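Right, one structure below, let's go through it.
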Amino acid sequence: MKRLRGFVMLEVVVLAGLTLAAVPLGQSVIRRNQETKFLETMREQWELLGMKAYATHKIGTMSVNDEARQVTFSLFNGSKRILPFPPSLKYDDKIPTKTTREPSGKLKGNRSVNFLSQDGYYWHITLQFEWGRFLFQKVPKH
């Protein structure tokens with residue numbers, strides 16, 4: 001009897017099961033990568049804002065707008081950088097955040113920001129001390 005070449009039904013079922021298991025894991029990794037990239041870019045823009053404020057003797061502002069889903073970095077001379085949220089993050093504070101950074105390094109306004117991830121944890125951002133240190137950490141949802 002001649003044997004037909006092809007896949008056995010069991011092989012097809014196993015392959016489909018592996019594919020179905022891998023897709024959610026891959027999506028979670030992509031989301032986490034996008035979130036980390038967003039936070040790193042946010043940190044870079046915050047540090048750049050501080051350097052520009054110091055160099056130009058202008059006040060810089062970081063504001064978070066949940067409705068527009070963006071973070072805006074601006075100097076009072078009109079320069080502006082807009083950073084959109086990744087789709088998996090939601091701004092979790094009830095009021096818009098606005099933090100002002102003076103040329104001397106002094107901070108005014110909110111010193112922390114919370115983003116809720118679609119994966120069920122928070123990204124807690126803290127602006128510390130007068131030199132404007134930017135820290136972010138992943139915190140489990142309570």
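The values are calculated or read from the model by the stated rules, or taken from the named source; none is laboratory data. If you're wondering where the values come from, they're calculated on a predicted model, not measured in any experiment. Here the Cβ is made from the backbone with ideal geometry for all residues, glycine too, and neighbour counts use every protein chain on show.
Points to keep in mind about this one:
- The stretch 101-134, subset under 12 Å from GLU35 (Cα atoms) and assigned to a loop (DSSP other than H, G, I, E, B), residue modelled with the highest pLDDT: GLN118
- Answer from LYS37, LYS58, LYS52 - the residue that is basic (Lys, Arg) and part of a loop (DSSP other than H, G, I, E, B): LYS58
- Residue pairs whose Cβ atoms lie under 8 Å apart, separated by 6 or more positions or on different chains, with the first residue in the stretch 105-116 and on the phi > 0 side of the Ramachandran plot and the second part of a strand (DSSP E or B) and β-branched (Val, Ile, Thr), are GLY109/THR97; GLY109/THR99; GLY109/THR100.
- Once the stretch 58-100 is narrowed to residues that are closer than 24 Å to THR36 by Cα, of a type in the set (Lys, Arg) and at pLDDT 85 or above, the residue that is nearest to the chain's Cα centre (by Cα) is LYS90.
- Matching residues, the stretch 104-114, being under 13 Å from TRP46 (Cα atoms) and in contact with a Lys or Arg (Cβ under 7 Å, 6 or more places away or on another chain): LEU107
- Output for the stretch 34-57, where each listed residue is among the basic types (Lys, Arg) and at pLDDT 90 or above: LYS37, ARG43
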